[in-house]
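Scroll down for the structure; my scribbles are underneath it.
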Amino acid sequence: MATQVTLVASAFLLVLFLPFSTSISHSHRSAAINLFATSPASLEDAYEALRVFEILGLEEKKTHVSGDACQKVLENLDSASPLKDLFYALKVNSIVKCNVNSNALKDIASRLKATVHDASTLLDIYYSIGGLVLIKDQDFNVDEYLPDVDRLFQSIKALGQSDGRWRYSSDNPESSTYAAGLAIEALAGVISLASSEIDQSKVNIVKNGIVKLFDVIEKYDDGTFYFDEKFVGEEQRSSLSATSSVVRGFTSFAAVTSGEINLPEDKILGLAKFFLGIGIPGDAKDFFDQVESLAFLETNRQVISIPLILSLPETVYSLTKKGQVKVKVNTVLGSAAPPLIVKLAHAFSTGAKDSAIIDSKELQYDQESGFHVLDAFPKNMDVGTYVFVFEIMLHDSGSDKVYATGGQIPVPIYVTGFIKANNAEITVADSDLGRAQTQKKLDVAGNDVVSLSANHLQKLKFSFQLTTPHGHVFKPQQAFFKLRHETKVEHIFVVGNTGKKFEIILDFLGLVEKLFYLSGRYDIELTVGDAVMENSFLRLLGHLDLDLPKAPQKAARPPPPPVDPYSRYGPKEEITHLFRAPEKKPPQNLSLIFLGLILLPSIVFLVGLLRLGANLKNFPSSTVPATFGILFHVGIAGVLLLYVLFWLKLDLFTTLKAFGLLGAFLMFVGHRILSHVAFTSTKLKAA
């Protein structure tokens, strides 16, 4: 039987082939076009689409959205519009540069100034101050400076908590990480709108609050940092949304203040890893939060270190194909890194961390591809899982303050190869004496099968060896020995490792109950698979005719055979139906004669009416009796029409339903008209 990759190993390999820590790439641009393809439903959606297109350099798509966006901006730049709509209208206008009247901006600025001093919630303060900052950047003729900024600064700071989080209002005791980002961004806006310099002690208090907020940051084992949202309000925020809010807040605050914020470099780099580790979000809001946060981390090089991302296009390498380890270093948005050296500090096997197989090796830079390349693996590197520890070293020592390299960067590496299976042997022996009755050798890599027989007083022993390309003993993740009875009942056994070989011994005397006392033919299968094994296989070894004693009355019965899903849910057998041959029809002339006989009573009825002298002299002349008379005759005509329809197309049940309704109608109007005729007749006789 041809070997085939097992399901578990192939699925694991598929995961391993994913790239390591990739920056923003062309895939993000394609995803952005798809996610923001529909017309924005709100100004917030329009801003997110425009901002993403601006960051990713999709000017054509940005122009496509600008037309409809400008119309919405002009409609919402009204003093009566909600604060949130005003805020996002100004944000959209900051990108598309709509033709907004300066007088309208002055009116909006006046409203926002009045609102910010009377606001009681953080969101109202955030939208008001954010709107004034946007007006300041868009029109220099508007007086956007805030009076009494010290009181406003203190009112925002009063909502802060000791752990660096913020509250949405003084009435709400719950603190929020997302609100912290909004508050810090609002404080940055207050500083930029102040007509005079803010007291440096107050600025330092906010900086200390940012540092405290980073003290409660969450961390993964791979060095990824993120902020979690503990607050549960009307709208639950995700970790991505909370982290994005904090990044937007502290980068905005750092941009308007002097001095540095004492934030560890590894945490800034860990935040970049968090955003990039998400991959490509499928939600437009999450996509915007990811891309904009990465843009803030990259573009604020004067206030924070720009993270440099070390990425590998693949982390699985084959000894058979002799692949090369390729490393690329970019910024988070995929821009080129400054001149640098990538050094492989050391590499070790996950099973022997203390012994390094590579120590301090510089990778060669390929200018055409932009990759740093490790030409070949060491000769002593065998199949298995390893950890390569890289270091990024900048050529210019002054760049250390501009870029965050992350120190030593561990990367998991998987080295695959072709595993040899040999010395396979299967034996049937007596249980008591251990004497071999049948012993056969197998070529596991080939297609040969064996035929064996045994009874309940014997044992089955199977052993084989696995060796790597360098001749070392290989221990796979899975090694299963399966017996399948002719009734489809399966029994799976784990093959144990006894040092240099794998071995399993089945004592049938102790397995009779597990085998449900089922005698007969068993198929023998071997499954061997591992993530680093290029030739994982599931192989039929042969057949075993097993003779077991009869089952006692109280013995467990074998489970019912599994239902084949195809037979249960697949297409059913086609049903062929033979219709009865149509009966022979009578001649046409005979049919016409029969039709004439059917119409004959109607002709006789009409002749009879003429002979009897039927007339309309007694038809009622009054309005109401005349109406009932007309309806009665219409009902009679309806009954005749129903007969015709029954003859032509209606079935019996439909006809009876219609006749029931029509009959009730005829009884009513007939009773009324006959009552009138009887009354008139009685009156004439009395006269």
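The residue that is modelled with the highest pLDDT, counting only those in region 264-302 that are β-branched (Val, Ile, Thr) and under 20 Å from Arg51 (Cβ atoms), is Val291.
Condition first: assigned to a strand (DSSP E or B), surrounded by fewer than 17 Cβ atoms within 10 Å (Cβ to Cβ) and not charged (D, E, K, R). Now tell me which residues in region 441-454 satisfy that. Correct list: Val450, Ser451, Ser453.
Within region 269-291, being under 20 Å from Gly181 (Cα atoms), touching a helix residue (DSSP H, G or I) at 6+ places or on another chain (Cβ under 6 Å) and open to solvent by less than 40 Å² (accessible area, probe 1.4 Å) holds for Ala272, Phe275, Phe287, Phe288, Asp289, Gln290, Val291. Condition test on Lys482, is it at pLDDT 95 or above, in the same structural domain as Ser519 (by the TED database) and in a strand (DSSP E or B)? When the stated conditions are applied, Lys482 passes them. I need the full set of residues from region 153-190 which are open to solvent by 10 Å² or more (accessible area, probe 1.4 Å), assigned to a helix (DSSP H, G or I) and at pLDDT below 90, in order please. Of everything in region 153-190, those that are open to solvent by 10 Å² or more (accessible area, probe 1.4 Å), assigned to a helix (DSSP H, G or I) and at pLDDT below 90 turn out to be Gln154, Ser155, Lys157. Scanning region 78-96 for residues that are aromatic (Phe, Trp, Tyr) and open to solvent by less than 30 Å² (accessible area, probe 1.4 Å) turns up just one, Phe87. Screening the candidates Thr438, Thr405, Thr427 for the property of being in contact (Cβ under 8 Å) with a residue 40 or more places away in the chain, polar (S, T, N, Q) and surrounded by 13 or more Cβ atoms within 10 Å (Cβ to Cβ) yields one hit, Thr405.
So, in region 30-41, how many residues would count as being open to solvent by 40 Å² or more (accessible area, probe 1.4 Å) and modelled with pLDDT under 90? Within region 30-41, residues that are open to solvent by 40 Å² or more (accessible area, probe 1.4 Å) and modelled with pLDDT under 90 number 4. Here Leu578 passes the criteria (1) of a type in the set (A, V, I, L, M); (2) assigned to a loop (DSSP other than H, G, I, E, B); (3) under 25 Å from Asn455 (Cβ atoms) except the one numbered (3).
Conditions tested, residue by residue: (1) open to solvent by 40 Å² or more (accessible area, probe 1.4 Å); (2) in contact with a helix residue (DSSP H, G or I) (Cβ under 8 Å, 6 or more places away or on another chain); (3) under 18 Å from Ser463 (Cβ atoms).
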{"residue": "Val495", "(1), (2), (3)": "no, no, yes"}
{"residue": "Leu506", "(1), (2), (3)": "no, no, yes"}
{"residue": "Val512", "(1), (2), (3)": "no, no, no"}
{"residue": "Ser536", "(1), (2), (3)": "no, yes, no"}
{"residue": "Leu541", "(1), (2), (3)": "no, no, yes"}
{"residue": "Pro561", "(1), (2), (3)": "yes, no, no"}
{"residue": "Thr576", "(1), (2), (3)": "yes, no, no"}
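In a residue-by-residue description of region 626-633, the property of being in contact (Cβ under 8 Å) with a residue 12 or more places away in the chain, of a type outside the set (Ser, Thr, Tyr) and open to solvent by 70 Å² or more (accessible area, probe 1.4 Å) applies to no position. Among the conditions (1) assigned to a loop (DSSP other than H, G, I, E, B); (2) without any contact (Cβ under 8 Å) to a residue 24 or more places away in the chain, the only one that Ala556 does not satisfy is (2). Scanning region 224-274 for residues that are assigned to a helix (DSSP H, G or I), closer than 12 Å to Ile304 by Cα and not acidic (Asp, Glu) yields Val247, Phe250, Thr251, Ser252, Phe253, Ala254, Ala255, Lys267, Ile268, Leu269.
Of all residues in region 45-77, those satisfying the criterion of being open to solvent by 40 Å² or more (accessible area, probe 1.4 Å), under 29 Å from the mean Cα position of the chain (by Cα) and acidic (Asp, Glu) are Asp45, Glu54, Glu59, Glu60.
Number of residues in region 314-357 that are exposed (fewer than 14 other Cβ atoms within 10 Å of the Cβ) and within 30 Å of Glu292 (Cα to Cα): the value is 3.
Condition test on Lys514, is it in a loop (DSSP other than H, G, I, E, B), of a type outside the set (Asp, Glu), assigned by the TED database to the domain that holds Gln465 and under 45 Å from the mean Cα position of the chain (by Cα)? In short, yes.
Among the helices (runs of 4 or more DSSP H) confined to region 584-687, the ones with at least 2 residues that are touching a Pro at 6+ places or on another chain (Cβ under 9 Å) are located at 623-648, 652-686. Of the residues making up region 235-263, those that are open to solvent by 20 Å² or more (accessible area, probe 1.4 Å) and either closer than 18 Å to Arg165 by Cα or at pLDDT 90 or above (or both) are Glu235, Gln236, Arg237, Ser238, Ser239, Arg248, Ser252, Ile261, Asn262, Leu263. Applying a threshold of 7 Å to beta carbon distances and a minimum spacing of six or more residues, or different chains, the list of pairs starting in region 441-470 at a residue that is within 19 Å of Leu506 (Cα to Cα) and ending at one that is among the hydroxyl-bearing types (Ser, Thr, Tyr) reads Leu452/Thr438; Leu457/Ser431; Gln458/Ser431; Lys459/Ser431; Lys461/Thr427. Taken across region 579-599, residues that are within 53 Å of the chain's Cα centre (by Cα) and either over 30 Å from Ser318 (Cα atoms) or in contact (Cβ under 8 Å) with a residue 24 or more places away in the chain (or both) do occur, with at least one present.
The values are calculated or read from the model by the stated rules, or taken from the named source; none is laboratory data. Only a predicted model underlies this, so the values are computations on that prediction, with no experimental measurement involved. Please note: Cβ atoms are built from the backbone with ideal geometry, for glycine as well, and neighbour counts cover all protein chains shown. The area values use the complete protein model at the heavy-atom level, side chains included, leaving out ligands, DNA and RNA. Shrake-Rupley method; radii C 1.70, N 1.55, O 1.52, S 1.80 Å.
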